[in-house]
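The values are calculated or read from the model by the stated rules, or taken from the named source; none is laboratory data. Please read all numbers here as calculations on a predicted model, not as lab measurements. FYI the Cβ positions are ideal-geometry reconstructions off the backbone, even for glycines, and counts take in every protein chain you see.
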There are 2 protein chains.
Amino acid sequence: MGNSFRIESSTDGSLARAGVIETAHGAIETPAFIPVGTKATVKAVTPEALGTLRTQAVLANTYHLYLQPGPELLESAGGLGKFMGWHGPTMTDSGGFQVFSLGAAFGKRLSKFGNRKEESEKIEESLPLAKVDDEGVTFRSHRDGSEHRFTPERSIEIQHAIGADIIFAFDECPSPETDHDYQREAMERTHRWALRSLARHKELGEGSAGDQLLFGIVQGGRFEDLRRESAKAIGEMGFDGFGIGGTFLKEDMGNAVRWVNELLPKDKPRHLLGIGEPLDVLIAIENGCDTFDCVAPTRAGRTGTIYTGEGKINIGNAKFEKDFSALEVGCDCYTCKNFTRAYLHHLFDAHEMLAATLASIHNLRFIVRLVENAREAIVRGEFKKFSEEFLSRYIKI
Amino acid sequence: MGNSFRIESSTDGSLARAGVIETAHGAIETPAFIPVGTKATVKAVTPEALGTLRTQAVLANTYHLYLQPGPELLESAGGLGKFMGWHGPTMTDSGGFQVFSLGAAFGKRLSKFGNRKEESEKIEESLPLAKVDDEGVTFRSHRDGSEHRFTPERSIEIQHAIGADIIFAFDECPSPETDHDYQREAMERTHRWALRSLARHKELGEGSAGDQLLFGIVQGGRFEDLRRESAKAIGEMGFDGFGIGGTFLKEDMGNAVRWVNELLPKDKPRHLLGIGEPLDVLIAIENGCDTFDCVAPTRAGRTGTIYTGEGKINIGNAKFEKDFSALEVGCDCYTCKNFTRAYLHHLFDAHEMLAATLASIHNLRFIVRLVENAREAIVRGEFKKFSEEFLSRYIKI
């Protein structure tokens with residue numbers, strides 16, 4: 001594994017840095033926001049539109065693709081990127097988070113932040129417990145209840161078949177309410193699984209074309225000692241880069257990320273898994289993350305929640321019915337250059353599919369551009385100023 | 001009303017012709033297939049994609065836009081084209097067909113061809129009868145049951161507010177099973193309404209910018225004497241062009257269109273309302289129609305029915321699961337150049353929104369290209385040969 005990352009600029013008094021990750025399908029200028037294409041499609045958005053809004057890479061979910069259409073099909077298709085018509089860099093996560101959040105491992109659903117107790121309880125009642133052991137995780141499909149098993153080796157094999165440029169070691173992802181004892185147990189298991197993931201990756205020739213980058217995942221929940229211990233352990237294993245995984249209480253995210261990034265090797269890229277709200281992204285950049293993926297911009301877009309520099313607006317609100325201004329004045333996206341708030345209001349009111357497409361394009365462009373601008377600010381040595389200015393406007397509403 | 005149509009080529013032994021309609025938003029080379037954007041959006045397709053597949057114009061439905069978002073809003077927005085981000089020519093129908101098909105006029109639903117008896121009966125039971133009289137039609141909204149009234153004058157006023165380049169006179173559209181006596185009554189009313197539509201159009205200054213073209217609609221059902229009588233009457237009224245309206249039994253369409261087009265003034269364009277299946281389009285061209293609109297390509301696309309030169313295929317069929325060829329080999333559309341049958345099969349299987357978008361783009365391009373090719377064949381004097389060759393392949397499956 002050669003070094004596929006170079007840092008172009010570090011910054012003033014924070015961990016923020018600007019860099020470039022080289023992959024088999026092109027470079028990713030970091031920091032970069034990576035849209036999620038769960039089932040080999042960024043929902044409601046064509047790859048052509050993704051390119052136009054300057055998306056640099058797409059992340060798909062191993063758990064979902066494993067269940068549908070299956071890794072064999074993706075391998076026959078020539079890999080994820082070719083299958084979905086996206087010619088730039090691709091990533092897959094390890095399936096770890098989804099096994100615990102969508103699958104019924106532990107009989108519990110898990111969200112990125114600890115706030116879905118009621119739903120967890122419902123699932124617990126309706127499905128038998130699945131089982132995590134040192135070998136791997138047995139879980140039930142959220143689609144049909146069928147039983148499946150992931151091990152670190154199996155996750156890597158699946159990700160090799162899917163063929164993304166950047167793949168992740170298999171990890172255990174406990175609930176954010178989990179106590180220190182269990183977080184330690186899960187973290188230590190994640191470290192053993194990381195070594196097994198690495199070993200299987202090397203056996204398989206580091207990807208079918210020898211060019212997949214493998215990132216190890218740091219765990220440890222909200223506990224500083226565990227996060228630091230995990231960063232140190234995973235950091236020494238020889239991965240091409242790192243994922244920061246697990247769930248946190250929302251207010252702990254910045255700390256958890258900083259603890260980790262202070263210890264991870266500086267010359268390798270760091271991906272924060274599943275984070276994508278504008279404020280969270282700025283906190284992640286400030287604390288040394290290079291890339292992040294999240295469904296938030298597209299999920300919000302599909303329900304009519306629109307990102308603007310002054311905060312989010314709900315385009316379904318009656319006050320936008322006759323508002324013939326752009327979703328966000330000055331935005332350079334296809335939606336803002338061609339359509340008005342009144343038109344988007346109408347499309348959502350009429351339940352037209354184009355509503356989701358146009359809103360998703362804007363929200364993705366908003367967050368991609370925010371991160372582009374953050375990068376430029378880092379290069380200029382003005383990231384803190386940039387971040388403060390953005391935050392002073394964004395929280396107004 | 002000056003003449004906005006010129007014929008470039010007539011053809012060998014049929015009524016087919018190639019021409020150009022000039023509108024305030026550009027020219028339409030005819031014959032042309034016009035995609036339907038019912039509620040000011042061609043479902044699941046961006047205006048940018050419509051342009052890429054060489055759509056020349058879009059037709060929206062007055063009935064739907066009247067109910068949502070309302071003509072006042074469209075007028076404030078600067079008209080239909082500006083509102084929906086489509087910068088080429090636009091059309092609106094008169095609302096006549098929809099009042100009878102979606103509204104509850106006569107307590108009956110109506111489809112373009114006479115084949116929905118069961119549904120008609122259901123509607124008849126569940127809603128009170130609406131009423132057509134010499135003044136206009138009172139109907140109930142299909143959305144909320146609220147009562148509304150269209151007159152010829154009101155239809156024209158609404159269409160002026162919506163602001164499309166080509167608009168239609170208000171007509172009565174009886175069921176295809178209607179007997180000769182009622183068809184005559186409805187046709188004669190349609191003729192009186194045509195004169196009232198023309199008068200209101202002139203009063204309003206032929207469009208807010210004086211540049212809307214008004215087409216009169218020929219009725220008469222499946223009866224040769226009525227169709228010819230209607231063509232003669234409407235043809236003499238001084239419209240900018242003509243719509244051929246009404247419903248037919250499917251096998252009668254070619255005849256009904258020929259009877260009409262043999263009598264309509266040759267120097268004005270003729271639009272066949274609501275027709276768009278590949279075979280029907282070729283019959284319409286052969287019998288002298290210049291433009292046609294239909295939801296069929298996009299509606300079929302949304303359910304996974306894909307047009308190909310060999311006939312339609314259902315992409316959800318298991319045999320396409322591992323088929324890595326294009327939807328249609330040789331097709332120049334965005335979908336066929338970038339994606340495989342296997343990918344579309346997966347998107348439909350996973351209920352992904354992109355499925356509808358990509359399938360609609362292909363189906364629209366298929367029918368737009370079919371008509372482009374028909375036009376070139378007319379210019380070469382080889383339309384009959386072209387049509388026969390297409391039909392010999394298309395009916396194979």
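If only one of B:Glu118, B:Glu177 is modelled with pLDDT under 95, surrounded by fewer than 19 Cβ atoms within 10 Å (Cβ to Cβ) and over 25 Å from B:Ser230 (Cβ atoms), which one is it? Break it down stepwise before answering.
Values: B:Glu177 fails: over 25 Å from B:Ser230 (Cβ atoms).
Selected residue: B:Glu118, the only one of B:Glu118, B:Glu177 that is modelled with pLDDT under 95, surrounded by fewer than 19 Cβ atoms within 10 Å (Cβ to Cβ) and over 25 Å from B:Ser230 (Cβ atoms).
Quick check: is even one residue across the stretch A:360-380 more than 25 Å from A:Glu29 (Cα to Cα) and either assigned to a helix (DSSP H, G or I) or not assigned by TED's automatic domain parsing to the domain that holds A:Val329 (or both)?
No, the stretch A:360-380 contains no residue that is more than 25 Å from A:Glu29 (Cα to Cα) and either assigned to a helix (DSSP H, G or I) or not assigned by TED's automatic domain parsing to the domain that holds A:Val329 (or both).
What's the total number of residues in the stretch A:52-105 that are at the interface with chain B (Cβ under 9 Å from one of its Cβ atoms), on the phi > 0 side of the Ramachandran plot and surrounded by fewer than 21 Cβ atoms within 10 Å (Cβ to Cβ)?
Going through the stretch A:52-105 one residue at a time, the tally reaches 1.
Can you list the strands (runs of 3 or more DSSP E) lying wholly within the stretch B:1-79 that have 3 or more residues being in contact with a Ser or Thr (Cβ under 6 Å, 6 or more places away or on another chain) and either modelled with pLDDT of 95 or more or of a type in the set (A, V, I, L, M) (or both)?
B:17-23, B:32-35
Mind checking whether some residue in the stretch B:23-36 is within 14 Å of chain A (Cβ to nearest Cβ), out of contact with any Asp or Glu (no Cβ under 9 Å at 6 or more places or on another chain) and buried (at least 22 other Cβ atoms within 10 Å of the Cβ)?
No.
Name the residues in the stretch B:259-290 that are modelled with pLDDT of 95 or more and at positive phi, would you?
B:Gly288
Matching residues to (1) among the aliphatic types (A, V, I, L, M); (2) in contact (Cβ under 8 Å) with a residue 40 or more places away in the chain; (3) under 19 Å from A:Phe83 (Cβ atoms):
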residue: B:Ile313; (1), (2), (3): yes, yes, no
residue: B:Glu321; (1), (2), (3): no, no, yes
residue: B:Ala326; (1), (2), (3): yes, no, yes
residue: B:Asp332; (1), (2), (3): no, no, no
residue: B:Lys337; (1), (2), (3): no, no, yes
residue: B:Leu344; (1), (2), (3): yes, yes, yes
residue: B:Leu347; (1), (2), (3): yes, no, yes
residue: B:Leu370; (1), (2), (3): yes, yes, no
residue: B:Asn373; (1), (2), (3): no, no, no
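Before we move on, is A:Asp293 within 26 Å of A:Thr90 (Cβ to Cβ), of a type in the set (Asp, Glu) and outside any loop (DSSP other than H, G, I, E, B)?
Numbers: within 26 Å of A:Thr90 (Cβ to Cβ): yes; of a type in the set (Asp, Glu): yes; outside any loop (DSSP other than H, G, I, E, B): yes.
Yes: the conditions hold for A:Asp293.
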